[in-house]
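Accompanying notes for the structure given below.
The values are calculated or read from the model by the stated rules, or taken from the named source; none is laboratory data. No experiment lies behind these values; they were computed from the predicted model shown. Note that we place each Cβ from the backbone using ideal geometry, even for glycine, and neighbour counts take in every protein chain shown.
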């Protein structure tokens, strides 16, 4: 894995491929490469370990040109980051292939190919696929037929783009478990793993479905389903502009996306609430009936989205009076979950292509849930297409690997779900519903107020730059907020950070507290304020340095070992988690900037985790 771009045109496609790779850098990668078929009919390849900029420098020294080509950014799964393992992979200098995903039966296929005389020059599962397609070309003599034959033999997940010097007019692409999008042009066509790569050249797209194989020529596109039957897939026009993923005036994408949150949250709430009530139909045409039948909720997600689900559990149980379980997708899919009657399955993902969450969604389809609801940011994603109900978060493109606006828009969408369930089950009268809607409508303004703390938080970040560890504390609905804060800090600053429910301090973590261990607490003036105040006194008594995010009503005062950041607007039970997340995002960002780490592309991480 990680990013694919391909093009067939009447012009030199190498600049298109390079720009596409730059726009896919947010996904995380360790090497980059491309291949084009030159005017002499030869495959010309360039590959470099490191950033796309290194590939650009290599092309400056040894230019590659062609009117058909494919390119790739790789995040190592099979074989260490090295030029020999970078994509494109070749077979016999005739066939070139790029690949996202993991081929689980690559070892058996490799042994079979070696017995037939194929020589392997890389450690990748990708080269296995290239040789397998090449082998079929010897008998079938047709690239499309050979790819169709080869993918039937593959176990695992893949997105492929293939070209062959013996069949120089077309690119063949296929998908199973990994996203593939085809860009439609005039006399030229494109393929990528994400529409962001193709926005400079087209806004017209076709999204392949599971098992599809497609042929791209200059004059048109043909698509075949997993049974080899020609099919039509719907063409859509993206509303995103080419500059939607630019940094603008901001130093990093992450900072830009932090500051986009007031607008992103407003977009998520728009057309879902009026001035005094929720529009339940936003969940789908049959949503009101289905939500009234729900007797319990099961939320599945990974990473940041999992934290959003944990927050939603408090809100759903409080507002709807329904049992709610939250589980990590990679754990859910490998046990045998018992599903009570009339339970709603909810999956949360920014990309809608998260491998474990998508697999959990598909498993849920076999388990007898009342319905499956996707909360997602990408309308064209697999998760959206395969769910019964959908609520889009409308965060817009999120480029920084560490999720920010995706999280707060997920919280907004989940708050809408909690309200919808409470309303459907008769737990909210008109006044309570109007108050909840008013709280949500005030959220964008409250986030703007929290963003005004950027200056003091940047100064505070200096206290953490040389620390190696940090503990985050929260209680109730703010315990998952603390978990998200710890995740942000470790993701981009590489400081080891862990979060605990504050009541757990005396059950082990208190042993870690000394003058070198900063304790970062989320402590709003809610029903649990006195509880967490007591927990923080335990820290203070042991010489720990406290960083407290609170509000004016909490009464926390700074001293030599206590730093207090008071939010001007703290929100209510539906919105406070989103508001208190903002200063934690800013803290992580500024610590990372002070440390000089790669804020937008932290090491070893990818934006969209499309393999398990």
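Assorted remarks:
- Verdict on residue 300 being closer than 22 Å to residue 429 by Cβ and surrounded by 23 or more Cβ atoms within 10 Å (Cβ to Cβ): no
- Residue in segment 455-462 that is over 24 Å from the mean Cα position of the chain (by Cα), part of a helix (DSSP H, G or I), without any contact (Cβ under 8 Å) to a residue 24 or more places away in the chain and under 23 Å from residue 532 (Cα atoms) present: no
Listed here are the residues, each with its yes/no results for (1) under 25 Å from residue 462 (Cα atoms); (2) free of Cβ contacts under 8 Å to residues at least 40 places away in the same chain.
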{"site": "503", "(1), (2)": "no, yes"}
{"site": "516", "(1), (2)": "yes, no"}
{"site": "520", "(1), (2)": "yes, no"}
{"site": "527", "(1), (2)": "no, no"}
{"site": "544", "(1), (2)": "yes, yes"}
{"site": "555", "(1), (2)": "yes, yes"}
{"site": "567", "(1), (2)": "yes, no"}
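- Some residue of segment 492-502 being assigned to a helix (DSSP H, G or I) and over 25 Å from residue 254 (Cβ atoms): yes
- Only one of the listed residues (485, 476) is buried (at least 23 other Cβ atoms within 10 Å of the Cβ), touching a residue at least 12 places away in the same chain (Cβ under 8 Å) and touching a helix residue (DSSP H, G or I) at 6+ places or on another chain (Cβ under 8 Å). That residue is 485.
- Screening segment 198-223 for residues that are in contact with a helix residue (DSSP H, G or I) (Cβ under 7 Å, 6 or more places away or on another chain) and assigned to a strand (DSSP E or B) and picking the one that is farthest from residue 14 (Cα to Cα) gives 213.
- Scanning segment 82-111 for residues that are in a loop (DSSP other than H, G, I, E, B) and buried (at least 23 other Cβ atoms within 10 Å of the Cβ) yields 86, 87, 88.
- Among the residues of segment 176-205, those identified as under 25 Å from residue 44 (Cα atoms) and buried (at least 24 other Cβ atoms within 10 Å of the Cβ) are 180, 181, 182, 183, 189, 190, 191, 192, 193, 194, 197, 198.
- Verdict on residue 176 being at negative phi, in contact with a helix residue (DSSP H, G or I) (Cβ under 8 Å, 6 or more places away or on another chain) and at pLDDT below 95: yes
- Residue check for residue 79: touching a strand residue (DSSP E or B) at 6+ places or on another chain (Cβ under 9 Å), surrounded by 16 or more Cβ atoms within 10 Å (Cβ to Cβ), at positive phi and at pLDDT below 95: no
- Tally, over segment 127-141, of residues that are closer than 15 Å to residue 224 by Cβ and at pLDDT 95 or above: 0
- Members of segment 61-75 that are in contact with a strand residue (DSSP E or B) (Cβ under 8 Å, 6 or more places away or on another chain), surrounded by fewer than 23 Cβ atoms within 10 Å (Cβ to Cβ) and more than 20 Å from residue 216 (Cβ to Cβ): 62, 75
- Of the residues in segment 255-274, at least one is under 19 Å from residue 395 (Cα atoms), exposed (fewer than 14 other Cβ atoms within 10 Å of the Cβ) and modelled with pLDDT under 90.
- Test: residue in segment 9-29 that is assigned to a strand (DSSP E or B) and either in contact with a strand residue (DSSP E or B) (Cβ under 7 Å, 6 or more places away or on another chain) or more than 20 Å from residue 180 (Cα to Cα) (or both): no
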